[in-house]
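No value in this document is a laboratory result; all are computed from the given coordinates. All values derive from a computational prediction rather than experimental measurement. So basically every Cβ, Gly included, is an ideal-geometry build from the backbone, and we count neighbours across all protein chains shown.
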Amino acid sequence: MTLKLELKNLDKTLHQGNLDKLIDSMVDHIGSVDPELRDTLIYNSFGKLILEDYLTKDQLTHIFEVCLEKLFMGIGQKEDDSVFTRTFSALVLVLILQKDRETRFLSQNQLTQGFEGSINYLKQEVDIRGHVDGKGWAHSIAHGADLLTAAISHPDFDLTLFHECLHTIKLCLFKESTRDIPYVDEEEERLIFAVEALQEKGITDQEIESLLLTISNQLIELLEKEDYSLNFFWKKSNVINFLRGYYFRLLFKNEGVKLRETIAMILEQWHKRMYR
């Protein structure tokens, strides 16, 4: 029976005993370029198995360790199919971290590796494609942001990593695109969730404000260096969309009055700079 067929009949497979073989096959094909197999079947099946208590702690730990290794498989490659392995390993790691918040099966060393891995992955990923024709979603920055958010939200997240997280979020807004375009698949919105997770853990509004001002200043430096280059416009699009999205997230939740004022000031300054 093919893996596709097994997963399409998952409810039957669940009653046939040991799931180790199925798990290994799913992990082996986690980066398949077949979007139905990778996204619809493997990822959704992992969600069912992990979140609905079908797996033992040993099986959960095994999946975590293998996916953490695959998170960096082929890292540094551009326009390469290995990106699908990395990004969907990231999503499965999100599920594992969410489950560990409930049942606590990961060791402290494993958690540390996961927390640091969530940061290092976003730092090192250079293939930032969103949707790939014929192959479906790569969405590396969005999936990486989801993993970073899950790591920050974990009760054991190392608070000393807060500033490294802020630096990583800023770094993502200025990554070089292999396709010479800005983010077009709402990657900026997913990065905002990581900022909100940091706030829930106690990072101050002053520290967030400092991040926002630093991002704007880096964009100013890029403008001074490259003038109105295409690269500048692409990075400006990333930054402005991030700021707007964060502003309205704060507004909808009726939070962060001072932060909203700072964002509005930055946006106004950029509007005057561009359209005066």
- Per the charge dipole of the chain (beta-carbon charges, Lys/Arg positive, Asp/Glu negative, Cα centre), the residue among 141, 243, 72 reaching farthest to the positive end is 243
- Item | Rounded, prolate or oblate (a/c below 1.5 giving rounded, otherwise prolate when a/b exceeds b/c) for the stretch 138-275 by Cα gyration tensor | oblate
- Sort out the exposed loop GluC sites (Glu not before Pro) in the chain (DSSP loop, at most 12 other Cβ within 10 Å) and tell me the longest stretch that has none. 177-276
- Per-residue ³J(HN,Hα) for the stretch 243-258, Karplus 6.51 cos²θ - 1.76 cosθ + 1.60, θ = phi - 60°, Hz, x for Gly and Pro: 5, 4, x, 5, 4, 6, 4, 5, 5, 4, 8, 6, 10, x, 4, 5
- Message: Helix-only estimate, please: 222 nm mean residue ellipticity of the chain, summing -39500 (n - 2.57) across DSSP H runs of length 4 or more and dividing by its residues, to the nearest 500.
- Response: -21500 deg cm²/dmol
- Note on the structure: For the chain, the Cα-Cα pair-distance distribution in 5 Å bins from 0, as whole percents, is 1, 6, 13, 15, 17, 15, 13, 9, 6, 3, 2, 1, 0, 0
- Using Cα atoms only, what is the angle between the long axis of helix 108-124 and the major principal axis of the chain, expressed in degrees (0 to 90) to the nearest 10? 50 degrees
- Computed about the Cα centre, the charge dipole of the stretch 204-276 from +1 Lys/Arg and -1 Asp/Glu charges at the Cβ has a magnitude in debye, to the nearest 20, of 300 debye
- Please give the helix 82-103 orientation as an angle from the longest Cα principal axis of the chain, in degrees from 0 to 90, rounded to the nearest 10. 80 degrees
- Item | Percent RCO, i.e. relative contact order, over the stretch 185-276, from Cα pairs under 8 Å lying at least 6 residues apart | 35 percent
- Top positive-direction residue, dipole computed over the chain with Cβ charges, set 131, 83, 206: 206
- Task: Note down the relative contact order for the chain as a percent, whole number, built from C-alpha pairs under 8 angstrom at least six residues apart.
- Result: 14 percent
- Å³ per residue enclosed by the Cα convex hull of the stretch 204-276: 77 Å³
- Note on the structure: About its Cα centre, the stretch 1-124 carries a charge dipole, from +1 on Lys and Arg Cβ atoms and -1 on Asp and Glu Cβ atoms, whose size in debye to the nearest 20 is 200 debye
- Item | Where the Cα pairs of the stretch 84-218 fall when distances are cut into 5 Å bins, in % | 2, 10, 21, 22, 20, 13, 8, 3, 1
- Message: Let's see if you can work this out: charge +1 on each Lys and Arg Cβ, -1 on each Asp and Glu Cβ, no other charges. What is the dipole magnitude of the chain about its Cα centre, in debye to the nearest 20?
- Response: 520 debye
- Note on the structure: hull vol. (C-alpha, convex hull) per residue for the stretch 15-102, Å³ -> 86 Å³
- Note on the structure: Rh (Kirkwood, all Cα-Cα pairs) for the stretch 29-160, Å, reads 14.7 Å
- Message: Under 5 Å between amide hydrogens, which residues at least 5 positions from residue 137 or on another chain qualify, with H placed 1.01 Å from N in the peptide plane?
- Response: 132
- Note on the structure: To the nearest 10 degrees, the tilt of helix 140-153 (Cα long axis) against the first principal axis of the alpha carbons of the chain is 80 degrees
- Note on the structure: Here the stretch 189-197 yields Karplus 3J(HN,Hα) values (6.51, -1.76, 1.60; θ = phi - 60°; whole Hz; Gly and Pro given as x) of 4, 5, 5, 4, 4, 5, 4, 5, 5
